[in-house]
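Worksheet: one structure, shown below.
The values are calculated or read from the model by the stated rules, or taken from the named source; none is laboratory data. Remember, predicted model here, so these are calculated numbers, not experimental data. Neighbour counts run over all protein chains shown; Cβ positions are idealised from the backbone, glycine included. Note: areas computed on protein heavy atoms with side chains; ligands, DNA, RNA excluded. Shrake-Rupley method; radii C 1.70, N 1.55, O 1.52, S 1.80 Å.
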Amino acid sequence: MSIPTKSAPTRRAVLQAGAALAGLVAAPSVLRAQTKELVVGGAASHKPWVEGIVIPAFEKKYNCKVIFEGTKSLVNLEKMQKNKGSQYLSVVQMDDPVMILAVKEGLLDPLTAAKVPNLADLVSGAVHMDGMWANYLQPWLGIAINTNAVKTPPTSWADLFDPKYKGRIIIPSPQNTEGLPLIFAAASLATGSSLEAAQKEADAGFKKLASLKPNLLTIYTQMPQAFNLLEQGEALMIGPAMSSYVSERKAAGAPIDLIAPKEGVFAMPSGIAVVKGAPQQDLAFAYVNELLSAPLQEKLVGPTASLGANKLTPKPAGLAADLKVIQIDWANVAAERNNWVSRWDRDMAL
């Protein structure tokens, strides 16, 4: 009985089979390249401009998908803590005080000039703790006024203390991040030192703040309620007040405006960092680099009512090009904040 034999494969058949196999191997790689996903954790209030401006440009440039999880800074910190060693977030956009906590727990991957070239173009004070995070935008603090009631706008932080405003001023508690710089402004008025130097003079600031108490209508921890009083005319001023919130209310038709005092305005933190052990690490650093670029920041300063952290980003409309912007020493804040809140509760009770 003869055993049938198979003829040897031709060279053409071998090449065809090899090409087919190569196609099967390459296809998943191509598919992955087309569906790379970058997950970014940030503030819920940032969602409109992140998804409307940042993400479309980034996805087009890097052929990827960006998912933005809008929540709170402390929630993002909890996500990183729970997923340490198996992170799914690649980038976080968080307040600077929360960034400090993330650094202490070893949750962030440092930014370097090699991975993030735009670091070199940031304003002084925008890169923190040897590159653990950087500020990309800086909402600013000034004095909010009711434009119907205040016909001569304030020009200085000292105007909050003017006796003619007795019982008509609202200030934030230092439990709120925007409340802390009032201590520094008061210290500067008391000592004659610059707003930068006054950050180390909290004792003088508290002593000066005691003289503000007759002018106070209330001290707030809930921003919307405070602005209701301002918009209704029960309060004449709120100081310090956040540019992003004032802009939002003004755009909605509220009779309010934000004034930049001559001594300078305080920059509020909008930090960005790469998560240690981040998936899609190269994309993560690229995302940070894009947020630190002047062209992208120029598109964002208007919608966010913020200052750009890149030195080449123009000031938003209505602000002087030579506006003095005070960077806050957040490491000092982290060390002293509990003491300041306790002293505030004791000394500033109405």
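Just a few scattered comments:
- Given a 1.4 Å probe and the protein chains as shown, Asp282 ends up with an accessible area of around 130 Å².
- Between helix 330-347 and the chain: long-axis angle, C-alpha atoms, 0 to 90°, nearest 10: 40 degrees
- Accessible-area composition of the range 62-148, carbon plus sulfur, in percent [1.4 Å probe]: 53 percent
- Degrees separating the helix 73-82 axis from the principal Cα axis of the chain, which is the longest one: 40 degrees
- If only the Cβ of Lys and Arg carry +1 and only the Cβ of Asp and Glu carry -1, the dipole of the range 81-235 around its Cα centre is close to 380 debye.
- Dipole of the chain, positive end: most advanced residue of Pro269, Tyr165, Val341 [Cβ charges, Cα centre]: Pro269
- Across the protein chains, with a 1.4 Å probe defining accessible surface, the residues Leu77, Leu229 rank Leu229, Leu77 from largest area downward.
- Table column - 3J(HN,Hα) (Hz), the range 42-50, Karplus curve with 6.51, -1.76, 1.60, x for Gly and Pro: x, 6, 4, 5, 7, 3, x, 7, 5
- Dipole size of the range 30-92 about its Cα centre, with +1 on Lys/Arg Cβ and -1 on Asp/Glu Cβ: approximately 140 debye, rounded to the nearest 20.
- Against the chain, whose longest principal axis is taken from its Cα atoms, helix 11-34 shows a tilt of about 10°.
- Structure-based [θ]222 nm, the chain - -39500 (n - 2.57) summed over DSSP H runs of at least 4, per residue, nearest 500: -11500 deg cm²/dmol
- Per-residue surface analysis assigns Phe206 an accessible area of about 10 Å², computed on protein heavy atoms at 1.4 Å probe radius.
- In the context of the full protein assembly, Glu336 retains an accessible surface of approximately 60 Å², using a probe radius of 1.4 Å and ignoring ligands and nucleic acids.
- The range 77-224, relative contact order in percent, only Cα pairs under 8 angstrom and at least six apart counted: 18 percent
- Within the accessible area of the range 221-350 (1.4 Å probe), percent carbon and sulfur: 48 percent
- Rounded to the nearest whole Hz, the Karplus-based 3J(HN,Hα) values (6.51 cos²θ - 1.76 cosθ + 1.60, θ = phi - 60°) of the range 56-72 follow the sequence x, 5, 5, 4, 5, 6, 10, 6, 9, 10, 10, 10, 9, 9, x, 8, 10, with x at glycine and proline.
- Surface accessible to a 1.4 Å probe, per residue, for the residues of the chain, Å²: 48 Å²
- Selected from Ala252, Ala267, Ala158 as most flexible by GNM, with the chain as the system and alpha-carbon contacts under 10 Å: Ala252
- Its relative contact order, with pairs defined as Cα atoms under 8 Å and 6+ residues apart, puts the chain at 25 percent.
- Dipole check for the chain: with +1 at the C-beta of Lys and Arg, -1 at the C-beta of Asp and Glu, and the Cα centre as origin, the magnitude is about 1000 Debye.
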